[in-house]
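The values are calculated or read from the model by the stated rules, or taken from the named source; none is laboratory data. All figures in this text were calculated on a predicted structure; none of them were measured in a lab. Ideal geometry is used to build each Cβ from the backbone, glycine not excepted, and the neighbour counts take in all protein chains shown.
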Amino acid sequence: MNLGRTRAVVLVGIEGALVDVEADSSMGLPTFLIVGLPDTACRQAADRIRAAAANSELRLPDRRFVVNLSPASLPKTGAALDLAIGVAVLVAARKLPGAVVADVVHIGELGLDGTVRPVPGVLPLVLAAARSGVRTVVVPAANVAEAQLVPGVQVYPAHTLGQLTALHEARAADRPPPEWSGPMPGAGPVLGVGRAVPEPTPTADLADVVGQDEARLALEVAAAGGHHVFLLGPPGAGKTMLAERLPSLLPPLSAAEALAVTSIQSILGALPPGVLVRRAPFVAPHHGASMAAVIGGGSGAVRPGLISQAHCGVLFLDEAPEFRPQVLQALRQPLESGTVVVARARASVRFPARFQLVMAANPCPCGKGHGKGRECSCSPRARREYPARLAGPLLDRVDVQLQVPAVSLAALGRGRGEASAVVAARVLAARAVQRERYAGAPWALNAALPGAVLRQGRWAPSAAVRVDLDRALERGTLTLRGYDRVLRLAQTLRDLAGGGPPTRDDIGQALTLRSPGTVAA
Amino acid sequence: MLPGMTKGGAPVDRRRQALGAYGERAAADYLHAQGLEILDRNWRRREGELDIVARDGDCLVVCEVKTRRSLAYGSPLESITWRKAARLRLLAGFWIQEHPDLTRATRSVRVDVVGVILPYGGGPQLSHLIGVLS
C-alpha cells in the first residue's frame with residue numbers, strides 16, 4: 001500500500017483542531033496535489049517539500065502524490081502543515097516507516113534546503129493536540145521550549161527533514177534518537193506582523209506617583225474587584241502613569257490564564273521562546289486603532305485583536321474620546337461576555353477577551369478646561385460634548401469614574417506613597433476573600449456581580465447601611481445603575497478591609513470613587 | 001521532436017538526436033520484453049509525433065519516450081505535462097484512423113510514458129508510467 005498518514009493541527013481562533021494528513025502515491029505523471037481546503041501558502045507546500053526532500057537525499061519518486069487534509073471542510077492556512085504533509089508523502093514514498101508517525105503530530109515549515117523553520121502559534125497547537133489525546137509531537141527546534149510548556153506530551157525537535165527521518169527510523173527500531181550536531185536554532189518565531197506586547201517597565205511602581213491619593217485608592221479597588229476605570233483629568237495629572245501601574249497591582253496569572261495569554265501571544269508571533277507569560281498583560285493602543293486591529297480580524301486567517309492581547313490583563317485607552325466611536329462601541333459585547341466573535345465571510349471565530357478596561361480622557365479637546373478653565377480655547381459646545389462621547393452604554397459598565405486633578409505643590413512636598421508590592425499584597429488578600437465567598441458562583445470578582453444579587457442576594461448590605469444611598473436615589477442624584485455600582489465598589493472596599501457585608505463607611509467611600517460631575521450616569 | 005527542427009544543425013543537435021533515438025530503442029526493447037507488441041515507431045504528422053505505438057492485449061498503447069543524461073534538469077518524466085499527454089491521445093486517434101486493420105482488435109487506448117536516464121558511462125535506467133491518460 002502506498003499510503004502515508006500522520007497528523008497536524010490547524011488554528012481555529014486560538015484553539016487548535018486536529019487534522020489527519022493522508023498521502024497517496026500512485027502511477028501517473030509526476031504531480032503533487034494537495035486537497036482539503038488549503039490556502040495558497042499551504043498549497044505551495046508541494047514545491048517546498050519536493051525541493052526539501054531532494055536536498056535531504058530523500059528525492060521523491062516520479063509518481064503522482066495526492067495529499068488529503070481531513071476534515072476537508074476546515075480551511076487550512078499557512079505553512080505550518082509543511083512538515084506533516086512532507087512526512088506523510090515520505091511514508092507514501094516508502095522513505096519513512098509508517099507505523100511510528102501515524103499518531104504523531106507534526107508542526108513546522110520547510111525550507112528548500114530541508115531545514116525546519118519555526119511557526120507561530122505552537123503553544124495553542126500543541127495544547128490542542130494534547131487535549132485530543134495525542135502523546136507525541138514534533139515541532140521546529142526553535143519552538144521546542146514553547147511546546148514543552150504543555151504537560152503530558154513527548155516533544156521531539158525537528159532541525160531538518162533528514163534529521164527527522166533519522167529520528168523516526170530510530171523510534172521504529174526502538175533506538176534512542178540520534179543527537180543533533182548541527183547549529184542550534186536562534187530565537188523563536190519572528191514574524192514581521194507580530195507586534196511585541198508592550199509590558200510595563202519593571203520599574204513602574206505605584207510609589208512613583210506623586211499625590212493622587214484618591215486615584216491610588218481607585219486603582220487598588222479596581223485591581224481587587226476587577227472594576228473598570230475611567231480617569232478624567234487635565235494633561236500632566238498622571239492619568240497615564242496611574243494606568244500603567246495597574247498591572248503591577250494585579251495578582252500573577254493562574255495556570256489556565258497564563259496558558260491562554262501565552263497562546264494568544266504565540267499566535268501573534270510575539271513570544272520570546274519558552275516563556276510562559278505570568279504577568280497580566282498591559283495593552284495601550286493608539287487612538288487611531290482600527291476596528292480590525294482592536295477586536296481582531298484580517299483576511300484569510302483571522303488574527304486576535306488588541307482586546308484579546310489584553311485578555312486577563314489591562315486594556316488602556318488613553319485619550320479615550322479620540323477613539324473612533326464604532327471602535328469604542330465594539331468593546332461593549334466583549335465587556336459583557338468576556339469573548340469576542342469575529343465573523344468573516346468564510347469563518348466566524350471566537351477569541352477570549354476578558355480584559356479590565358481603563359480609560360483616560362482630558363476634560364476638553366485642548367486639555368486646559370480644568371479648574372476655572374481660563375486658558376481653555378475650546379468652544380462651550382466642544383467642552384460639553386467631548387467627554388460625552390464616552391457616555392452611554394460603554395461608560396455604564398465602568399464602575400470607577402474618577403476626576404484626577406492637577407497635582408498641587410503641597411502634594412509634591414509629601415513623601416513617596418505606598419509601593420506596588422504593598423498594595424498588591426492587599427489586593428491578593430481581597431481576591432482570596434472574594435474567591436471564598438463566590439465559590440460555586442458563575443462569577444469570581446465583585447465587578448461581575450449582577451445587580452439583583454447586589455441588592456437582594458445573600459451578601460447584600462442591610463437597609464440601615466444603605467440609607468445614604470437610598471436617599472441619593474430618592475433625590476435623583478443617583479440612578480439605579482449608579483446605585484448598583486456604588487454597592488459593588490463598597491463590597492470591594494470591604495473585602496480590602498477583610499471581608500463581610502459592606503458598612504455605611506464603605507458606601508460613603510465608594511460614593512467618592514464616583515466623583516460627581518465626571519459624566520452623567 | 002517536430003520535423004523541421006531536426007534538419008541540419010550543429011553537432012550538439014545531432015548528439016541530442018542520437019541520444020533520443022537511443023532512448024527510444026531502449027524503451028521499445030523494454031516494452032517488447034514486457035510483452036507488448038510494437039506496432040509503429042516515430043510516426044509523424046503535422047500535429048506531432050508518436051514515439052512508439054504498441055499493443056497490450058486489446059489495448060492500444062501510445063508511448064512517449066523522454067531521454068536525459070542526468071537529473072540535473074529534473075526527471076525526464078517531469079517534463080511530460082498533462083497537455084502533452086492530451087496531445088498524444090489526440091494523435092492516437094489519427095493513428096487509429098490511418099491503421100484500421102491493426103486496430104480492429106483493440107478496445108481501448110492508453111498513453112504511457114517511458115523516462116530513460118542514460119548517464120555517461122553507465123547503462124540506461126528506465127522508468128515506465130502506465131496509463132497517465134486513458
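Taken together, the residues in the stretch A:26-42 that are without any contact (Cβ under 8 Å) to a residue 60 or more places away in the chain, in a loop (DSSP other than H, G, I, E, B) and more than 14 Å from chain B (Cβ to nearest Cβ) amount to 2. Residues of the stretch B:122-134 that are among the aliphatic types (A, V, I, L, M) and either in contact with a Lys or Arg (Cβ under 6 Å, 6 or more places away or on another chain) or part of a loop (DSSP other than H, G, I, E, B) (or both): B:Leu133 alone. Every condition in (1) surrounded by 14 or more Cβ atoms within 10 Å (Cβ to Cβ); (2) under 26 Å from the mean Cα position of the chain (by Cα); (3) assigned to a loop (DSSP other than H, G, I, E, B); (4) free of Cβ contacts under 8 Å to residues at least 60 places away in the same chain is met by A:Gln333 except one, and the failing one is (3).
Being in contact with a Phe, Trp or Tyr (Cβ under 9 Å, 6 or more places away or on another chain) and either modelled with pLDDT of 95 or more or at positive phi (or both): is that true of A:Val87 here? Spell out the reasoning first.
On the way: in contact with a Phe, Trp or Tyr (Cβ under 9 Å, 6 or more places away or on another chain): no; either modelled with pLDDT of 95 or more or at positive phi (or both): yes.
When the stated conditions are applied, A:Val87 does not pass them.
Residues of the stretch A:43-66 include at least one that is within 14 Å of chain B (Cβ to nearest Cβ), in a strand (DSSP E or B), in contact (Cβ under 8 Å) with a residue 12 or more places away in the chain and farther than 14 Å from A:Gly111 by Cα. When we screen A:Ala521, A:Ala463, A:Ala497 for residues that are modelled with pLDDT of 90 or more, over 29 Å from the mean Cα position of the chain (by Cα) and surrounded by fewer than 18 Cβ atoms within 10 Å (Cβ to Cβ), the only hit is A:Ala497.
Of the candidates A:Val150, A:Val119, A:Val101, the single residue that is over 27 Å from the mean Cα position of the chain (by Cα), outside the structural domain of A:Ile264 (by TED's automatic domain parsing) and assigned to a loop (DSSP other than H, G, I, E, B) is A:Val101.
State whether one or more residues within the stretch A:361-384 are assigned by TED's automatic domain parsing to the domain that holds A:Leu231, surrounded by fewer than 16 Cβ atoms within 10 Å (Cβ to Cβ) and touching a helix residue (DSSP H, G or I) at 6+ places or on another chain (Cβ under 9 Å). Among the residues of the stretch A:361-384, at least one is assigned by TED's automatic domain parsing to the domain that holds A:Leu231, surrounded by fewer than 16 Cβ atoms within 10 Å (Cβ to Cβ) and touching a helix residue (DSSP H, G or I) at 6+ places or on another chain (Cβ under 9 Å), which makes the answer yes.
Only residues that are farther than 11 Å from B:Leu60 by Cβ and in contact with a Ser or Thr (Cβ under 9 Å, 6 or more places away or on another chain) were counted across the stretch B:98-114, and they come to 2.
Looking at A:Ala23, A:Ala8, A:Ala72, which one is in a loop (DSSP other than H, G, I, E, B), more than 14 Å from chain B (Cβ to nearest Cβ) and either of a type outside the set (Val, Ile, Thr) or buried (at least 20 other Cβ atoms within 10 Å of the Cβ) (or both)?
On the way: A:Ala23 fails: in a loop (DSSP other than H, G, I, E, B); A:Ala8 fails: in a loop (DSSP other than H, G, I, E, B).
From the options A:Ala23, A:Ala8, A:Ala72, the qualifying one is A:Ala72.
When residues in the stretch B:73-121 are screened for being surrounded by 14 or more Cβ atoms within 10 Å (Cβ to Cβ), assigned to a helix (DSSP H, G or I) and within 10 Å of another protein chain (Cβ to nearest Cβ), 6 of them pass. Among the residues of the stretch A:365-382, are any at negative phi, assigned to a helix (DSSP H, G or I) and not aliphatic (A, V, I, L, M)? Yes: the stretch A:365-382 contains one or more residues that are at negative phi, assigned to a helix (DSSP H, G or I) and not aliphatic (A, V, I, L, M).
Among the residues of the stretch A:446-459, which ones are small (Gly, Ala, Ser) and either within 25 Å of the chain's Cα centre (by Cα) or surrounded by 18 or more Cβ atoms within 10 Å (Cβ to Cβ) (or both)? It would help to see each step written out before you state the result.
Going residue by residue through the stretch A:446-459, those that are small (Gly, Ala, Ser) are A:447-448, A:451-452, A:457.
Residues satisfying the conditions are A:Ala447, A:Ala448.
Screening A:Pro450 with (1) modelled with pLDDT of 90 or more; (2) within 24 Å of A:Asp396 (Cβ to Cβ) gives one miss only, at (1). Of all helices (runs of 4 or more DSSP H) completely enclosed by the stretch A:205-302, which ones contain at least 1 residues that are in contact (Cβ under 8 Å) with a residue 24 or more places away in the chain and under 30 Å from A:Pro157 (Cβ atoms)? Once the helices (runs of 4 or more DSSP H) in the stretch A:205-302 are filtered for at least 1 residues that are in contact (Cβ under 8 Å) with a residue 24 or more places away in the chain and under 30 Å from A:Pro157 (Cβ atoms), what remains is A:255-267. Scanning the stretch B:122-132 for residues that are surrounded by fewer than 19 Cβ atoms within 10 Å (Cβ to Cβ) and within 12 Å of chain A (Cβ to nearest Cβ), we see that the one that is farthest from the chain's Cα centre (by Cα) is B:Gln125. Filter the stretch B:87-121 down to residues that are charged (D, E, K, R) and within 16 Å of the chain's Cα centre (by Cα) and give me whichever is nearest to B:Tyr30 (Cα to Cα). Out of the qualifying residues, it is B:Asp112.
Of all residues in the stretch A:462-483, those that are closer than 15 Å to A:Ala510 by Cβ have Cβ atoms under 7 Å from Cβ atoms of residues that are of a type in the set (D, E, K, R) and at pLDDT below 85, 6 or more apart or on another chain, in A:Arg481/A:Asp396; A:Gly482/A:Arg514. For the stretch B:43-72, a residue qualifies if it is within 11 Å of another protein chain (Cβ to nearest Cβ) and surrounded by fewer than 16 Cβ atoms within 10 Å (Cβ to Cβ), and exactly one does: B:Leu71.
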